[in-house]
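Q: I have a structure I would like to understand better, so I am pasting it below and will then ask my questions one at a time.
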Amino acid sequence: MNVPRGDGRLSHDLDPQDQGPKDACGVFGVWAPGEEVAKLTFFGLYALQHRGQESAGIAVSDGSKILVFKDMGLVSQVFDESSLGSLTGHIAVGHARYSTTGASTWENAQPTFRATGHGSIALGHNGNLVNTAELADLAAGLPGSRPQRNRAPVTNDTDLVTALLAGQTGENGEPLTVEQAAPLVLPRVKGAYSFVFMDETTLYAARDPQGIRPLVLGRLERGWVVASETAALDIVGASLVREIEPGELIAVDGDGLRATRFAEARPRTCVFEHVYLARPDTYISGRNVYLSRVEMGRRLAGEAPADADLVIPTPESGTPAAIGYAEASGIPYGSGLVKNAYVGRTFIQPSQTIRQLGIRLKLNPLKEVIRGKRLVVVDDSIVRGNTQRALVRMLREAGAAEVHIRISSPPIKWPCFFGIDFATRAELIANGLSVEEIGTSLGADSLSYISLDAMVEATTIDKPNLCRACFDGSYPMELPDPAVLGKDVLEKPDGGTRPLLATGPGAADALRRL
Ligand code: SF4
């Protein structure tokens, strides 16, 4: 049962200058008889809040029925003791959303829910699919025996997969169970996906063959947990068992845990998780994210030294790399900027006067630290450059003698289709400008980026096993025509007449026009 509460408004970011990369969802699932699974899921999502701040939801099963509660806003805004207390059962899946396909509305909040021939299914998704139009055509062709249940309007890629899992039939037209349907449906799904889903009795988790987004398996004393990041296991007291492998499907119920493979693993995990997306206390492929970021800073200092008095981070995401830069360069480290951690986490629209304050809503300079200093400012990435331009201006106004910007990832020149909402190619400042020109555009005394190889080496993961497409344009899979990509592909006015995918060499050329 879906329980609508919100009015579909967006969660507004108070800082109009904040054009940084946006994450694309956190997922959490638990199977644990005798535990308060809704509360465990709440705290799991709480630890994953950085991955999506637009809406949150939890689905719970008591073995006979699934209840879904979701709304717009932060996890702590959506749930309270009362709502969590009403979600009783022993299986739960949860989701914190940042929208990539499908607008930020209540209808598109997750977990998605569909009736099946055997009961129902609820599903949460981290990632973004690239064959949405193809999946929409597949869903439209589902057998007509249960049209009303499985042909409700679909406005996001996740709900398409839910509809396909719900609507599969066997050779004689009999409805398949979710566990029977998953190995048939998942190989048809292309793009980035870490799915957690459930029927009335079983918790499932599946990861795309490239393993682009993270997904880990954890153990509770009385059950099992799956989550986007290891940090979400820590908060509920679960121990890390292992990563869910690319191309693997996990099922957990009263008979135990079953692991099967629906596709061969071709690992291309997202390098940007190491740079920015994941929490620093998370482990990916056995590597602690904080250590990778510190190492990126060290290598950045070796590649791009600066004659300066103080290294400061752009908090919080630039902090580990700034520590590494300071260590390797011998330049003292300091805090020159104070971040208001709660900006952007409100439904209140900023007034025009407040909008004009721009970056000051989010960051405020410590004048006593900055005045008269030659600064190295370390940040994780530059997307459009608006934030850094405002930052340089603010630091100069606060009395900085010089501002040298150092970035712990290479220039972002290509869009991401796998769950990170950078910008279109035309909006990326590194698309068409040299590093020197970007530095001039930002008003900095100097600008340098880490090299691709140094960033990759800092992760300790083999380069061929990493997606780094936003930096070098080498996408981990063939992409369809841009006409059938995009956030609103299912919500365009001509929604029912989309073309089939146009994959092939022409797709890359079409992509360059983005
Ligand atoms: S394009 Fe960039 S952000 Fe997207 S999955 Fe690949 S490395 Fe990650």
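Please treat every number below as a calculation from the coordinates, not as lab data. Source: prediction; values computed, not measured. A quick note on method: Cβ atoms are made from the backbone with ideal geometry, for glycine too, and the neighbour counts reach across all protein chains shown.
Q: List, in order, the whole-Hz ³J(HN,Hα) value for each residue of the range 320-330 obtained from phi through the Karplus relation with A = 6.51, B = -1.76, C = 1.60 and θ = phi - 60°; use x for Gly and Pro.
A: After applying 6.51 cos²θ - 1.76 cosθ + 1.60, I find x, 5, 5, 4, x, 4, 5, 4, 6, 8, x Hz.
Q: Using only Cα atoms, locate the centre of the range 380-407 and the centre of the range 42-74, then give the distance between them in Å, rounded to an integer.
A: 37
Q: Say the cut-off is 29 Å between C-alpha atoms; which of 339/373; 413/463; 362/413; 39/65; 339/463; 190/413 go over it?
A: 339/463, as the Cα separations exceed 29 Å there.
Q: Something else: Which of the three applies to the range 169-283, rounded, prolate or oblate, going by the alpha-carbon gyration tensor with a ≥ b ≥ c and a/c under 1.5 meaning rounded? Working shown, then result.
A: Numbers: a/c = 2.68, a/b = 1.35, b/c = 1.98.
Verdict is oblate for the range 169-283.
Q: Another question, if that's okay. Can you give me the distance in nm between label points at residue 259 and residue 366, each placed 7 Å from the Cα along the Cα-to-Cβ direction?
A: The two pseudo-label positions are separated by 4.5 nm.
Q: I need 456, 93, 216 ordered by Cβ neighbour count within 10 Å, fewest first.
A: The most exposed by this proxy come first: 456, 216, 93.
Q: Is the range 41-117 best put as rounded, prolate or oblate by its Cα gyration tensor, with a ≥ b ≥ c the root eigenvalues, rounded for a/c under 1.5, and otherwise prolate when a/b is larger than b/c, oblate when not?
A: Because a/c hits 1.5 or more and a/b fails to exceed b/c, the range 41-117 counts as oblate.
Q: Using only the Cα atoms of the range 384-425, build the gyration tensor, take square roots of its eigenvalues as a ≥ b ≥ c, and label the shape rounded, prolate or oblate: rounded if a/c is under 1.5, else prolate if a/b is larger than b/c, else oblate.
A: On the way: a/c = 4.01, a/b = 2.50, b/c = 1.60.
It is prolate, given that a/c is not under 1.5 and a/b is the larger ratio.
Q: Contour minus end-to-end for residue 88 and residue 140, with contour as 0.36 nm per residue of separation and end-to-end as the Cα-Cα distance? Intermediate results must be reported in sequence, preceding the final value.
A: Values: separation 52, 0.36 × 52 = 18.72 nm, distance 3.42 nm.
Gain on stretching residue 88 to residue 140: 15.3 nm.
Q: Rank the residues 157, 253 as a footprinting-exposure proxy: fewest other Cβ atoms within 10 Å of their Cβ go first. Walk me through the numbers before you get to the answer.
A: Details: 157 28, 253 20.
In increasing order of surrounding Cβ atoms, one gets 253, 157.
Q: Then there is this: Please work out the C-alpha center-to-center distance from the range 205-267 to the range 112-132 and express it in whole Å.
A: 18
Q: Local charge sum around residue 85 (other residues, Cβ-Cβ under 13 Å, Lys/Arg +1, Asp/Glu -1)?
A: Values: positive: 39; negative: 36, 80, 81.
Within the 13 Å Cβ shell, the charges total -2.
Q: 7 Å from Cα along Cα→Cβ at both residue 431 and residue 303: what's the point-to-point distance in nm?
A: If labels sit at residue 431 and residue 303, their model points lie 2.2 nm apart.
Q: Restricting the calculation to Cα positions, tell me the Rg (one decimal) and the Dmax (whole number) of the range 242-334 in Å.
A: Every Cα atom of the range 242-334 included, Rg and Dmax give 18.7, 63 Å.
Q: Could you put 463, 373 in order, starting from the residue whose Cβ has the fewest other Cβ atoms within 10 Å?
A: 463, 373
Q: With labels modelled as points extended 7 Å from the Cα through the Cβ direction, what inter-label distance (nm, one decimal) is found for residue 64 paired with residue 235?
A: 3.3
Q: Order 130-141, 410-421, 167-178 from most to least packed using the mean count of other Cβ atoms within 10 Å. Write out the running numbers ahead of the final one.
A: Values: 130-141: 19.8, 410-421: 23.3, 167-178: 15.4.
Those peptides, ordered most packed to least, come out 410-421, 130-141, 167-178.
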